[in-house]
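Asker: After the structure tokens below, expect a handful of questions from me.
The values are calculated or read from the model by the stated rules, or taken from the named source; none is laboratory data. Note that the structure is predicted; figures quoted are calculated from it, not measured. In this analysis, Cβ positions are derived from the backbone assuming ideal geometry, glycine residues included, and neighbour counts consider all displayed protein chains. Each accessible area value is taken on the protein alone, full model and side chains, heavy atoms only, with ligands, DNA and RNA left out. Shrake-Rupley method; radii C 1.70, N 1.55, O 1.52, S 1.80 Å.
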Amino acid sequence: MDFTFDEDQESLRELAREILGGSTEDDRRWRDLARSGLLGIALPEELGGSGGSFVEFCLVVEAVGASGARAPLIDGVLLGAAPVAVFGTTEQRSRLIPPVCEGTALIPGALGEGRVRVTDDGGWSLTGTRPFVPLADTAERVLVAADDAEGRTGLFLVDPFADRVELQRQDTFTGRPEFLMRFDSAPVPPEDVLRVPGEGAEVLDWLLPRVTTALCVHQLGCGQAALDLTAAHLRTREQFGRPLGAFQAASQRIADAYIDVEGQRLTAWQAAWRLAEGMDAAEAVAIAAWWACDAGPRVLHSAQHLHGGLSTDLDYPLHRFVLEGKRNELILGGASAALLELGGILAGSAS
């Protein structure tokens, strides 16, 4: 399969790189992405977006990863705004999506660990906890998955500052706080119900493969940037009167890292393309996740090793790629989890 990008996609990629490389201030980068229309690249045109495909969205995500910018395209746009744009009511779409495209609102997701129970006593209410929710302190709404007594999943757009919702700060190794969300019979008004229990699985089946793939593409961007930094370091740093890259051990190490990055590139874009085309992508997504979790950390570790003490300098950009790469790996669940997922898919197809 030829994954060469067309002229418009290449122009989009260059625009994203230019914007993200034009400043080191994350707030300014975010505003510039919004002004250029890239925050809403895959959101509907009638809601202020650009109407692009998932591949176009991933091109911007890759540029974010390669820049080291803390631009929450996955956490603040894909996790919450994208499912609202696809599955939301007309009112939800018109109320919530335009501010996201303008860069003035974020809609993260609270879909993972912890347990949240939903009950219907003449109105929906949530009880339980959900840890490590990004951006909850600045979010317009948080997309929360909750199960009823029968185990059926619903999806709710929760105001993080509403009554009976509590946020507890959780400091993380990336330096960006996340939040424990605690719900104490927190009411959810009808206009903020995305899917009632029993109808949420359809949305999650659409959303979670896209989140996984976007994380793989972000990991690719981090790895490529770390590889480029390392190659430049090996060309210019000298020991014993020779560039470091002239030593066999160093050249072999970076050659292995190059192969690992190319493996990530092939598998991540294959998954993104299949999702964008509406094809069955379960196997491709699991393969991409394994490469991101297995090869991704190996590339970043090699970059640190080959940089020596410079890799620990917080004024040098390498540490950002390493921290973001580790976060991606942890969110994806690690290489073993990806292999188990892939094994289950292959066993199911064989039977």
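Asker: If we keep just the residues of segment 198-210 that are charged (D, E, K, R) and not in a loop (DSSP other than H, G, I, E, B), which is surrounded by the most Cβ atoms within 10 Å (Cβ to Cβ)?
Answerer: Our first condition is that a residue be charged (D, E, K, R); within segment 198-210, this holds for 199, 202, 205, 210.
Now narrow it down to the ones that are not in a loop (DSSP other than H, G, I, E, B): 202, 205, 210.
On the way: Glu202: 13, Asp205: 10, Arg210: 24.
Among those residues, the one meeting the criterion is Arg210.
Asker: Pick out the one residue from Arg235, Arg195 that is open to solvent by 40 Å² or more (accessible area, probe 1.4 Å), of a type in the set (Lys, Arg) and more than 30 Å from Ala162 (Cα to Cα).
Answerer: From the options Arg235, Arg195, the qualifying one is Arg235.
Asker: Against the definition (touching a residue at least 12 places away in the same chain (Cβ under 8 Å), under 20 Å from the mean Cα position of the chain (by Cα), open to solvent by 20 Å² or more (accessible area, probe 1.4 Å) and over 16 Å from Ala338 (Cβ atoms)), how does Trp269 come out, yes or no?
Answerer: The answer is no for Trp269.
Asker: Going through segment 56-68 one residue at a time, which ones are over 15 Å from Leu106 (Cβ atoms) and hydrophobic (A, V, I, L, M, F, W, C)?
Answerer: Phe57, Cys58, Leu59, Val60, Val61, Ala63, Ala66
Asker: If I ask for residues that are loosely packed, with under 12 Cβ neighbours inside 10 Å and under 24 Å from Glu91 (Cα atoms), which ones from segment 162-192 would you list?
Answerer: Result: Asp163, Pro190, Glu191.
Asker: Moving to a separate point now. Has segment 97-105 got any residue that is surrounded by 20 or more Cβ atoms within 10 Å (Cβ to Cβ), in contact with a strand residue (DSSP E or B) (Cβ under 6 Å, 6 or more places away or on another chain) and at pLDDT 95 or above?
Answerer: no
Asker: One residue is enough: does segment 15-24 have a residue meeting the conditions of a type in the set (Lys, Arg) and closer than 30 Å to Glu191 by Cβ?
Answerer: No, segment 15-24 contains no residue that is of a type in the set (Lys, Arg) and closer than 30 Å to Glu191 by Cβ.
Asker: Report, by residue number, each residue of segment 284-322 that is buried (at least 24 other Cβ atoms within 10 Å of the Cβ) and of a type outside the set (A, V, I, L, M, F, W, C).
Answerer: Of everything in segment 284-322, just one residue is buried (at least 24 other Cβ atoms within 10 Å of the Cβ) and of a type outside the set (A, V, I, L, M, F, W, C), namely Gly296.
Asker: When you go through Phe156, Phe132, Phe179 one by one, which is the residue that is farther than 22 Å from Ala71 by Cα, aromatic (Phe, Trp, Tyr), touching a strand residue (DSSP E or B) at 6+ places or on another chain (Cβ under 7 Å) and assigned to a strand (DSSP E or B)?
Answerer: Phe156
Asker: Still on this structure, please answer the following. Looking only at segment 181-225, how many residues end up being more than 19 Å from the chain's Cα centre (by Cα) and farther than 16 Å from Gly80 by Cβ?
Answerer: Qualifying residue count, segment 181-225: 14.
Asker: What's the number of the condition Gly278 fails, among (1) surrounded by fewer than 21 Cβ atoms within 10 Å (Cβ to Cβ); (2) of a type in the set (Gly, Ala, Ser); (3) touching a Phe, Trp or Tyr at 6+ places or on another chain (Cβ under 9 Å); (4) under 20 Å from Phe87 (Cα atoms)?
Answerer: Condition (3) is where Gly278 drops out.
Results for (1) open to solvent by 10 Å² or more (accessible area, probe 1.4 Å); (2) of a type in the set (Val, Ile, Thr), shown as yes or no for each residue.
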| site | (1), (2) |
| --- | --- |
| Thr212 | yes, yes |
| Val217 | no, yes |
| Leu227 | yes, no |
| Gln248 | yes, no |
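Asker: Which residues, taken from segment 46-63, are more than 20 Å from Thr4 (Cα to Cα) and under 14 Å from the mean Cα position of the chain (by Cα)?
Answerer: Hits for segment 46-63: nothing passes.
Results for (1) touching a residue at least 12 places away in the same chain (Cβ under 8 Å); (2) hydrophobic (A, V, I, L, M, F, W, C), shown as yes or no for each residue.
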position	(1), (2)
His218	yes, no
Gly221	yes, no
Asp228	no, no
Thr236	no, no
Pro243	no, no
Ala255	no, yes
Ile259	no, yes
Gly263	yes, no
Trp273	yes, yes
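Asker: Any idea which of Phe156, Phe173, Phe161 is touching a helix residue (DSSP H, G or I) at 6+ places or on another chain (Cβ under 7 Å) and without any contact (Cβ under 8 Å) to a residue 40 or more places away in the chain?
Answerer: None of the other options fit; the residue is Phe156.
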